Amino acid sequence: MPEFEPRIIAFCCNWCTYAAADIAGTSRIHYPVNVRIVRVMCSGMVDPMYVLKAFEKGADGVLIAGCHEVDCHYLNGPLKCDAMFAKLKRVANALGLGDERLRREMISTSESPIFAQVIEQMVQQLKSLGPSPLREGVKV
Amino acid sequence: MEEIKTGVYICHCGLNIAGTVDVEEVARYAGTLPSVVVARNYQYMCSDPGQALIKDDIRNLGLNRTVVASCSPRMHEPTFRRACQDAGLNPYLYEHANIREHCSWVHYDKQLATGKAKDLVRAAVRRVSCNEPLEIKERPLNSNVLVVGGGIAGIQAALDIANGEHKVYLVEKEPAVGGHMAQVDRTFPTLDCSECILTPKMTEVGQHPFITLLAYSEIKEVLGSIGSFKAKIRKKARYVDAIKCVGCGECEKKCPRRTDSEFDMGLAERGMAYIPFPQAVPHIATIDRKEERPCKAACKDACPIHMNVPGYVSLIREGKLREAYELMRRTNPLPAVCGRVCFAPCEDACNRGQMDEPVASRALKRFVADQVNVDDLEIPQVTRNGKKVAIIGGGPAGLTAAHDLALKGYEMTIFEALPEPGGMLRYGIPQYRLPKEILKKEIAYIERLGVEIKTNTYIGEETQFEDLRKSYQALFVATGAAESLRLDVPGEDLPVVIQAIEFLRNMNMGKKVEVGKRVIVIGGGNTAIDASRVARRLGAEVRIVYRRSRQEMPAASEEVEAAEAEGIKIEFLAAPTKIIAEAGNVSKVEFIKMKLGEPDESGRRRPIPIIGSEFVVDSDTVIPALGQTSDVEFAKRLGAKTSRRGMMVVNEATLETNIEGVFAGGDVTTGPAMVIDAIAAGKKAAQSIDEYLKGEAVSPKENERTPQKLSEEEVSALKKRFPYGDRVKAEEMEPEARIRSFQEAQRGYSTLEAQQESGRCLASQIEGCIECGECKDACEADAIDFSQTDQVIELEAGTVIVATGYDLFDPSVIAQYGYKKYDNVLTGLEFERLTCAAGPTEGKILLKDGREPESVAIIHCVGSRDQNYHEYCSRVCCMYGLKYAHLIKENTQAAVYQMYIDMRCFGEGYEEFYRRVCDEGVNFIRGKVAKVTEVALTEEEKGKLIVVAEDTLLGRIVRVPVDMVILCPGLEARSDAEDIAKLFAINRRADGFFLEKHVKLDPVATATDGVFIAGCCEGPKDIPDTVAQASAAAGKALSVISRGRVVIEPTIAHVNEILCQACGRCEEICDFHAPRVISKDGVRVSSVDGALCKGCGACAVVCPTGAMSVSHFTRKQINALVEALLEV
């Protein structure tokens, strides 16, 4: 049986983390193939429903990453995202999903190695957690 | 619905993608996806042939969606969008899959990478099918520019734009433009005078036809977005009419309240009315009025000469006694006299009296007058005008007129009948109330002004009135009312009877005066009290008999109380009917009892004798004190009009008599009145005589002002704010001791008592201007206007340049450097004022004690490059430190030590200047200063400031004893930077400075379109960089203006009005004020200002109904992407 490969959806803000991922590419910083990046304009734009949709469709983990507070292109996006993320964790726990499958990071343009590292860590963690309980088409 | 036809294009990017991803396979796979009608792969999609593939397919195959899988969309998304647009496809019907940066460059395994690329392409195809065509909109643009901050950056930007003939509003918080640059003495490295190069620019800003300068103004609110900002500006009241003010500065000279000058960094003082610096633009005065005075200053209105009571009382509170004295002297030539014997109408009117007790302004006046030796006062230089004025009568009215006219340059002569001048002050008021020495000194000062006093000269004897008229151009008759009114009863001429005026005069002349054991004083005025208290001091038992009741007594109640305390009995409602002589000096006085009838013309109830109620009292001396009248025989002879009551008749508003050139005032025209009334008459006469002799029309002087009372609400509000405080009582001799001597009965305040009592004055307790009115009196242009209020100005502008500058780091937080602890530890900006020729020391580099320093240490990096304060380098300190070293070397013999970390001399001519200063013999010590101390370890260090530092080049600790330490504080973000950032939605860096849109490539733009930044608000920089950045910001603004219209991005929030419940959550969460709940056709819905919206999407997340969404990032689009990414 092949090793379990977790599937990760990463919502990345256009200005910082998406750019950090770009620079990871430019710098040829390799990281596991398990991640699929969704470009959003701001981490504050991520609706909790998108995250739940990802789990519904079989994601094993979700990363929401954007600018540090001071770098935000829209002043306070990261704070808004933090507030949303706190609620999201409660929902995830209530659903029996557990909040270990969720990750919130602030990764600036210059922190591409951190981006790669975070993906690495998530893959490791999700491998130990095993597949999402919502996988295999389980309807929420 | 139109069938979706998608074209997919996989880029090889040479081997960048194709090396790791099987592009053929991905293209093949793409071709199998629903809606895809064509899928191609190509070497370089971004090349012209690559783009031509897309364009041709759109045209030939009728594609209505396109997807390119290549590099990052941050690189080439715009390229392919343009290609679509060229071929007639809406650019938002295009989607980009990032298979290079996010795939081929970060994974090794070709199979896995190919799989991931397929996922990304599949997701893009799915997403693009949900995309909608979006329109880029345009809007007209207002070409006005709002420039915030009037330092050199704001000035430069404003001029650049205005010279391009676009309207500029330049808003400056302070009363004048110029900012920090105006405070700087010289600029490095050229050493040209900062003010000299700045002034022409300031003047130009003040006069430019395209610039509206709004100084002393602050931005309160900013709405709108690029192209149409609407700002509300609060224009603070200057309390000076900007049109009338000519900038003469008289108001500041006269203002009695002083405070530290912000411009001179507290090294000099300014008035509450002030012009910040000589070159100030606009060159008009400002009154620093922080709040409305809590009281009505009724004291000032009640005083016949309107003495500035709130002014001198508040100066006493501040401990500025000399200034308080000078202020009193402006209106009153006899302050020490009035501080004792004035009946103080000011105290009766004092608004504090409505709360508890009035402020003891008379006692405070005396206190101040007693601190100053009149003999030491300097005599002002006055140009004599050669005109001569004679004054008949050397009492308070005559002395005052002589004083005022002498100061105006007239040659003054006073003719006094008695041996000494002073009138009633000298011969009427007893010694225990007014020591003669005090009076003599104040008169001596008037004589020192050049006033000649001819005593023992009764006009009408050797010198005739007519003679005076020939030798003098004007006359002032102020002969007083020294003639006693008679009792008109039998026995009045008996030797036991002596008139009170005569009795007091004899006492005051030092004649031997004897009274019997039992003395009866008849009358109820102040003269009666004075006479009775003198008689008491001569050992008599004294009884006052007054024909009305206590209520009607004209004497001051405190005097009456003092008399009673001294054992003097007062009998009311009785009048003498005859005086009967008995053997020797003994007599009897018959009285008749009275009752009070209807009020007479004086308003008091008329006494009516009760028939048959006569009674007899034994007495040894009878002193009638019924009142006084004047001797006006000499005037009558000349044809001057006199009244039935024996007074001279004058025009009360001008004090002119019916004879040309003859004026009269004081008791001779009014009958016996108060000292302060006589002084007021003297002042009025002096003004009239001055006008008369200048050939001007003699104007009426409206001296009467009605003192205002506080309303009951005001009183109760003030009681809450100012707690009850007892009036401080000056120490007084006990009555038993008083009656044994003629010493002054009341002692003056101690300094502590005076400060305590002055602190009770409501006006003295507020900061800033207390509206004492000295400036108003001094202003010839009549520009002072206390009725002004702050104004809110609304203006529109299409672009904004923020140039709000910096604050200097406050070195007092680094306690070990001794700033504010040691006198001779200065900041750089303080040193700038010291070396400035127009500064407090006129450009001399001096220690606080006035000596020239022999050694100076200049400490670099104070608050900069320091993890405890600011980690950044402030960029200007090395250079200004070098400039100081040069200036010290140039102007003094002092040794100079530069204590630096690294020398950063990076600009044009900077390195050369560094070399030059090195060659001038300045000592450079490399190392951070640990502390500045006074604690000397050696003889050489005694009396010096010792700078302890590590010399990192020698590797040891050094102690440098110096006379002066100049700290080079860094530049920090302004304390109000956060407020400004919020107003304009500008981001700030961690260090507090404003964040540019891109640190390298867009250094003057901000996150808010149309708002640009310039100068030190963006970060520390020197003048050349600031000016360059200001011009850059102006260029950016001009570029927006020249396009003439605003492009509105379509990827912004929009509202589905059917779903919207107008809950307002979107409005709450938005930092750009883009969504607002409005009423539309009577229905409340949210509406988004497209020019303000940045498309961040926060509103869509919080929208509970899903009404709000961001175009091109809709729920449908993102969900489609997520779903497609996870499908296997």
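Miscellaneous remarks
- Spacing of the modelled spin labels on B:E292 and B:R330, each 7 Å from Cα toward Cβ, amounts to 2.4 nm.
- Within 10 Å of the Cβ of each residue in B:1112-1120, the mean number of Cβ atoms contributed by other protein chains is 3.
- Ranked B:S1039, B:S72, criterion: other C-beta atoms within 10 Å, fewest first: B:S1039, B:S72
- Gain upon complete extension [B:E744, B:K232; 0.36 nm per residue less C-alpha separation]: 178.0 nm
- Each of the peptides B:813-819, B:795-801 was scored by the mean count of other Cβ atoms within 10 Å over its residues; in descending order, highest first, they stand as B:795-801, B:813-819.
- Separation of alpha-carbon centers, the range A:83-140 and the range B:790-846, rounded to whole Å: 52 Å
- For the protein assembly as shown, size of Cβ-based charge dipole, Lys and Arg +1, Asp and Glu -1, in debye: 2320 debye
- Length-normalised contact order of chain B in % [C-alpha pairs under 8 Å, at least 6 apart]: 13 percent
- With a Förster radius of 51 Å applied to the beta-carbon distance between B:T789 and B:E871, the computed FRET efficiency rounds to 0.70.
- Burial ranking of peptide ranges A:5-12, B:970-977 (average Cβ count within 10 Å, highest at the top): A:5-12, B:970-977
- Per-residue mean of C-beta atoms belonging to partner chains within 10 Å, peptide B:978-988: 1
- At 1.002 mPa s and 20 °C, Stokes D of the protein assembly as shown from Kirkwood alpha-carbon radius, µm² per second: 55 µm²/s
- The range B:624-661 versus the range B:921-953: alpha-carbon centroid distance in Å: 80 Å
- Counting beta carbons within 10 Å around each of B:F924, B:F994 and listing the fewest first gives the order B:F924, B:F994.
- Per residue, the average separation of C-alpha pairs within less than 8 Å and at least 6 apart gives the range B:524-566 a relative contact order of 55 percent.
- Rounded to the nearest 20 debye, the dipole magnitude of the range B:954-1088 is 180 debye, with +1 charges on Lys and Arg beta carbons, -1 on Asp and Glu beta carbons, and the Cα centre as origin.
- Altogether, the Stokes-Einstein calculation at 37 °C and 0.692 mPa s, with the Kirkwood radius of the range B:78-222 over Cα pairs as Rh, returns a diffusion coefficient of 159 µm²/s.
- Mean Kyte hydropathy of 0.5 or more with a Cα span along the axis of at least 24 Å, helices from DSSP in chain B: B:1023-1043
- Scoring B:637-648, B:528-539 by mean Cβ neighbours within 10 Å over their residues and listing the highest first yields B:528-539, B:637-648.
- Contact order normalised by residue count of chain A, Cα under 8 Å, 6+ apart, percent: 37 percent
- Remark: mean inter-chain Cβ contacts per residue of B:93-104 equal 3, using a 10 Å Cβ-Cβ cutoff to other protein chain atoms.
- Taken about its Cα centre, chain B carries a charge dipole of roughly 1360 debye when the Cβ of each Lys and Arg holds +1 and the Cβ of each Asp and Glu holds -1.
- Here the spin labels are modelled as points 7 Å beyond Cα on the Cα-Cβ line, and at B:E940 and B:E1068 they lie 7.1 nm apart.
Laboratory data are not the source of any read-out in this text; all were calculated from the coordinates shown. Here the structure is a predicted model, which is why all the values come from computation and not from measurement. When we count neighbours, we look across all protein chains shown, and the Cβ atoms used for this are built from the backbone with ideal geometry, even at glycine.
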